[in-house]
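Here's the structure, in structure tokens; my notes come after.
The values are calculated or read from the model by the stated rules, or taken from the named source; none is laboratory data. A quick note: this is a predicted structure, and the numbers were derived from the prediction, not measured. Methodologically, a virtual Cβ is constructed for each residue, glycine included, from the backbone with ideal geometry; neighbour enumeration extends over all protein chains shown. Surface areas here come from the heavy atoms of the whole protein model, side chains and all, with no ligands, DNA or RNA. Shrake-Rupley method; radii C 1.70, N 1.55, O 1.52, S 1.80 Å.
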Amino acid sequence: MIASVLIVIGSLFFIVLVVVLNGASSLSLEIFTQTSEGGFYLGKGGGFLNAIVGSLLLAFPATGIAFLVGIVIALYLQRDFLHPGIAQFIRLCLDILWGIPSIVYGVFCLTIMIAIGMGGGSVFFGIVALTLLEIPIITRSIDESIKMVPLGLKESAYSLGSTKYETSIKVVRKQAMPGIIAGILLGFGRGIGDAASILLTVGDSNYFPTSLFDQTAALPTMILNLASMPDHIVQRKAYAVAFVLLIIVLLISIITRYLTKKSSKYIIK
Amino acid sequence: MTKAPANQIETKTLNVSFHSNQVLKNIDIKIPAKQLTAIIGPSGCGKTTLLKSFNRLLEIQDDVKITGELIVDGTDIMKPGLDVPDIRKKMGLISQKPYPLPMSIFENVAYGLRIHHDKKAKALEAAVQQSLQEVGLWNEVKHRLHDPASRLSVGQQQRLCLARALAVQPEVILCDEPTSALDPVAAQQVEKLLLKLKKDYTVVLVTHTLRQAKRVADYVIFLYFGRVLEQGPANEVFTNPKSAEMKAYLSGEIS
């Protein structure tokens, strides 16, 4: 018991420690306020602001779209709407999609991009790749939390004359809210940290994207690019970027906890 | 004009099975209007299933097969194409464990009115107050109407569920062992309420306590392993049981 706890906490602290220690020398205020200069990967100055903005521009819309699609599917998967046999099959499909390595989503989007002659990478296709990656995660998480809603609660709503839609949207959704929020976080965390799916789809840029079809930098791909450079000083910057990524995920996690707690107020146990 | 009360609910050869396991067999019963009908019988004999078939609530579960006729106010509610929410609206349900909706006390009672667009905001407040007063909960909650309903005690939650059901003005109140999860004081409160309510509503009470049935029932239906073995006015059934099983049940040999 103690060993397993130590392994979990130990790994977390070890990862954070490695990232902080290695990245500390490259951490400064300017990385949050400046975009990369030309020759950034060769040791020139500048910050990661372009990558931070890029990552947020990719992950927020992708999570938003995946959530909208996911909650509709998850509500529809319940017994009230769909035959349980068919629902189980769809769940299986979603689980398989969940398990598909993210690079496959990247290659899939690249195929489409090349087919329509837009192979250079863009914010738009990055969002598409991340959305595809997040849909199964968010859908199945929401689905599981909705499945936990007690039958008695649904019976209460139905016996008052609610339709299936009213029951789902006004009662079941409220009861499942903490799980829904947790599902969104899970999707977002996966989306913002994933390098493989955007590696082939967003390209790179030292500037902020000004349209959906501009290329953009993103934190995970920046880590990859920096870490694969031969220069040690440049490699160190990768840790600093990783640290920024960690902080973003941590912030989102804290916000989620707060929202989960708030939405639990009315939950029936 | 004193007429024998008309039958509110009537079933004709009602059969219910779950996963090809037949739970109710050829049920033919009549439930009189504006009276309290108790459905009694040993546990696991299909009492709850019978109760939930009245408002077609069984259908939200997996693999349920229902055949036969179920006549409510002269209409067969099993006929296809009927508006099921409308059927359910006529019958409030109080379950064994109270399930308030995940919202405030006020919103719980207002929920039914809101979904049926019955009341404007001003009238809504008055209707909520009236329903809460009807179940004797108003004085206990009037200062905290916007608190989560989950913070009420179980007994209060049960009365809230009753108020919520009454708000949509049903004709029938279906109660599934409504007092079994409550402490004696709360149980007595709910029981008294049911006696009061039968003046205006048809009350159907599933109960596993024979003593409760004897205290409150006007009409009794005795279920035994999915079949109706006896039904009739309470005093007749209790004083003059016909079947051997009912006699055994009354004497406490089976429970």
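The set of residues in region B:55-73 being within 14 Å of another protein chain (Cβ to nearest Cβ), outside any strand (DSSP E or B) and either open to solvent by 60 Å² or more (accessible area, probe 1.4 Å) or in contact (Cβ under 8 Å) with a residue 24 or more places away in the chain (or both) consists of B:N55, B:R56, B:L57, B:L58, B:E59, B:Q61, B:D62, B:D63. Residues in region B:74-103 that are surrounded by 15 or more Cβ atoms within 10 Å (Cβ to Cβ) and either among the polar types (S, T, N, Q) or away from chain A (no Cβ under 13 Å) (or both): B:I77, B:M78, B:S95, B:Q96. Looking for something under 20 Å from B:I31 (Cα atoms) and either part of a loop (DSSP other than H, G, I, E, B) or without any contact (Cβ under 8 Å) to a residue 12 or more places away in the chain (or both) - is there at least one such residue anywhere in region B:88-110? For region B:88-110, residues under 20 Å from B:I31 (Cα atoms) and either part of a loop (DSSP other than H, G, I, E, B) or without any contact (Cβ under 8 Å) to a residue 12 or more places away in the chain (or both): present. All conditions in (1) at pLDDT 90 or above; (2) aliphatic (A, V, I, L, M); (3) part of a helix (DSSP H, G or I) hold for A:V202, with the sole exception of (3). A:R79 passes every criterion in (1) open to solvent by 50 Å² or more (accessible area, probe 1.4 Å); (2) assigned to a helix (DSSP H, G or I) apart from (2). Would you mind stating whether A:P178 is farther than 24 Å from A:V53 by Cα and in contact with a Cys (Cβ under 9 Å, 6 or more places away or on another chain)? No. A residue that is of a type in the set (K, R), in contact (Cβ under 8 Å) with a residue 24 or more places away in the chain and more than 30 Å from B:V16 (Cα to Cα) occurs somewhere in region B:191-211.
Candidates A:K262, A:K269: the one that is in contact with a helix residue (DSSP H, G or I) (Cβ under 8 Å, 6 or more places away or on another chain), among the basic types (K, R) and either surrounded by 19 or more Cβ atoms within 10 Å (Cβ to Cβ) or without any contact (Cβ under 8 Å) to a residue 24 or more places away in the chain (or both) is A:K269. When residues in region B:132-160 are screened for being within 14 Å of B:A187 (Cα to Cα), facing chain A (nearest Cβ under 10 Å) and open to solvent by less than 10 Å² (accessible area, probe 1.4 Å), 0 of them pass. For region A:196-212, residues that are open to solvent by less than 20 Å² (accessible area, probe 1.4 Å) and within 12 Å of A:V104 (Cα to Cα) total 3.
Using the structure shown, decide if A:D95 is without any contact (Cβ under 8 Å) to a residue 60 or more places away in the chain, open to solvent by 20 Å² or more (accessible area, probe 1.4 Å) and among the acidic types (D, E).
Values: without any contact (Cβ under 8 Å) to a residue 60 or more places away in the chain: yes; open to solvent by 20 Å² or more (accessible area, probe 1.4 Å): yes; among the acidic types (D, E): yes.
For A:D95, the condition - without any contact (Cβ under 8 Å) to a residue 60 or more places away in the chain, open to solvent by 20 Å² or more (accessible area, probe 1.4 Å) and among the acidic types (D, E) - is met.
Contact annotation: residue pairs with Cβ atoms under 6 Å, 6 or more positions apart or on different chains, pairing a residue in region B:161-174 that is within 10 Å of chain A (Cβ to nearest Cβ) with a partner that is β-branched (V, I, T), are B:C161/B:I94; B:R164/B:V109; B:A167/B:V109; B:L174/B:V204. All conditions but one from (1) assigned to a helix (DSSP H, G or I); (2) more than 14 Å from chain B (Cβ to nearest Cβ) apply to A:T210; the one that does not is (1).
Checking each residue in region B:29-44 for being over 18 Å from B:T202 (Cβ atoms) and surrounded by fewer than 22 Cβ atoms within 10 Å (Cβ to Cβ) picks out B:P42, B:S43, B:G44.
Outside any helix (DSSP H, G or I), touching a residue at least 60 places away in the same chain (Cβ under 8 Å) and on the phi > 0 side of the Ramachandran plot - does that describe any residue in region A:37-55? Among the residues of region A:37-55, at least one is outside any helix (DSSP H, G or I), touching a residue at least 60 places away in the same chain (Cβ under 8 Å) and on the phi > 0 side of the Ramachandran plot, which makes the answer yes. Would you check if A:P136 is under 19 Å from the mean Cα position of the chain (by Cα), open to solvent by 10 Å² or more (accessible area, probe 1.4 Å) and touching a residue at least 40 places away in the same chain (Cβ under 8 Å)? For A:P136, the condition - under 19 Å from the mean Cα position of the chain (by Cα), open to solvent by 10 Å² or more (accessible area, probe 1.4 Å) and touching a residue at least 40 places away in the same chain (Cβ under 8 Å) - is not met.
Of the candidates A:G179, A:G193, A:G152, the single residue that is surrounded by fewer than 24 Cβ atoms within 10 Å (Cβ to Cβ) and farther than 29 Å from A:I254 by Cβ is A:G152. Residues that are of a type in the set (F, W, Y) and part of a helix (DSSP H, G or I) were ranked within region A:213-252; the one that is surrounded by the fewest Cβ atoms within 10 Å (Cβ to Cβ) is A:F243.
Of the listed requirements (1) over 30 Å from B:G112 (Cα atoms); (2) out of contact with any Gly (no Cβ under 8 Å at 6 or more places or on another chain); (3) open to solvent by less than 10 Å² (accessible area, probe 1.4 Å), A:L186 misses just one: (3).
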